[in-house]
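Here, each number is a calculation from the coordinates, and none is a lab measurement. Values in this document were obtained by computation on a predicted structure and should not be read as measured data. Cβ placement follows ideal geometry from the backbone for every residue including glycine, while neighbour counts extend to all protein chains displayed.
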Amino acid sequence: MDIYDVMRTTFAARDFTGDAVSDETLFKLLDNARFAPSGGNRQGWKVLVIKDKDIRRQLKELVAPTIKQYKAQAAAGETPFNTINASAVAQETIDATPANFPLVDMLEDVPVLLVVCVDLSVVSSMDKDLSRIGVISGASIYPFVWNILLAARNEGLGGVLTTFIANQEIAARKILGIPNEFAIASLVGIGKPVKQLTKLRRKPVSDFTRVDGWHGEVFSEELPVSDAP
C-alpha cells in the first residue's frame, strides 16, 4: 500500500474474525517494525507474544478494575485517569460499573496478543525532573508500537494499542516475569478486522498547528512563504 494510504486508514481495530495470523506473518510485522526510531538508537523494546490462554485470562482479570474506572469516569464526562483534573466519581460507582470492553472481552481468543515493554535503563527521560507526569520516555517505544500497527494494516490486518495493563504493572510483572527496569508500554491485539475502516475522522491541521508560538497565526497551506532566512 502507499504509505499515506496506510497512515490514513490504520484505525483502532478491536473486533477480529476467527482467522489465524501465522507466526511467519507476525515475524514479518516485527521485522519491519524494528526500524522505528528510539533515543540514541538504543532500541530498548522487548515484545512478549502471549499464546497461553491461561495467561491471557489472567491478564483479562487483571485489567478489569482499570476498565471499570475508565468507563465510570468516561460516563461522567471526565477524561479517565487524568493528571490535571481530579476525578469526582465515587468508588461505589466504579465498583458497580461492568468490566466489559471491546477487545478485552475476547482477550483469550484474539489472534495475536503482544505485551510491549521498554527498558527504562536505556531511555533518556528528559522530563524526569519536572513536576508533571513524564511523557518523553514514550518517544523511545511508541513509534515502534505504531510501526507494528502500520505493518499490520499493510498486510490487510488490523490492531489496537491499549494501555490498560500499565495500571496494574506490578501484578503483570509477576505473571509475565518482567524485570523491574522494564515498563509495560502497551497490550496490543492484532488480527483480521471484522470490518476494515477506510475513512477516519480526525481534526484538520489548522485546528492544532500555529506559527512561531502558542498564540501565533493558524498554519495552513495558504500561508505566504516567509522571507526570513
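What's the Kirkwood radius of the chain in Å, using all Cα pairs? Don't jump to the answer; show the numbers that get you there.
On the way: mean 1/r = 0.0505 Å⁻¹.
In the chain this quantity evaluates to 19.8 Å.
GNM, the chain, Cα, under 10 Å: largest mean-square fluctuation among S87, S137, S124?
S87
Taking the beta-carbon count within 10 Å as an exposure proxy, list I148, I165 from fewest neighbours to most. Can you show the working numbers first?
Details: I148 26, I165 21.
Least crowded to most crowded, the residues run I165, I148.
For V49 and D2, FRET efficiency with R0 = 35 Å and r from the beta-carbon atoms, rounded to 0.05? List each step's numbers first, then the result.
Values: r = 29 Å, r/R0 = 0.83.
In this case the efficiency is close to 0.75.
Arrange the following residues from fewest to most other Cβ atoms within 10 Å of their Cβ: L107, L48. Walk me through the intermediate numbers first.
Details: L107 20, L48 16.
Starting with the residue having the fewest Cβ neighbours, the order is L48, L107.
Let me know the Rg and Dmax you get for the range 73-206 when you use only its Cα atoms, in Å.
17.2, 46
Can you give the helix-only mean residue ellipticity at 222 nm for the chain, where every DSSP H stretch with n ≥ 4 adds -39500 (n - 2.57) and the sum goes over all residues, rounded to the nearest 500 deg cm²/dmol?
Details: 7 runs with 71 residues, N = 229.
-9000 deg cm²/dmol, from helical runs alone.
For a quick check: sort S125, S131, S206 by the number of other beta carbons within 10 angstrom, fewest at the front.
Numbers: S125 16, S131 5, S206 12.
Placing the least packed residue first, the sequence is S131, S206, S125.
Looking at the range 113-167 from every direction and averaging, what is the projected area of its Cα convex hull in nm²? Don't skip to the answer; put the middle values down first.
Numbers: hull surface 18.5 nm².
Orientation-averaged projected area of the Cα hull: 4.6 nm².
Once the mean 1/r over all distinct Cα pairs of the range 1-133 is inverted, what Kirkwood radius in angstroms do you read off? It would help to have the intermediate numbers written out before the result.
Details: mean 1/r = 0.0546 Å⁻¹.
Taking every pair of different Cα atoms in the range 1-133, averaging 1/r and inverting gives 18.3 Å.
So what's the net charge close to K71: Lys and Arg +1, Asp and Glu -1, counting the other residues with Cβ under 13 Å from its Cβ?
My count for the surroundings of K71 gives -2.
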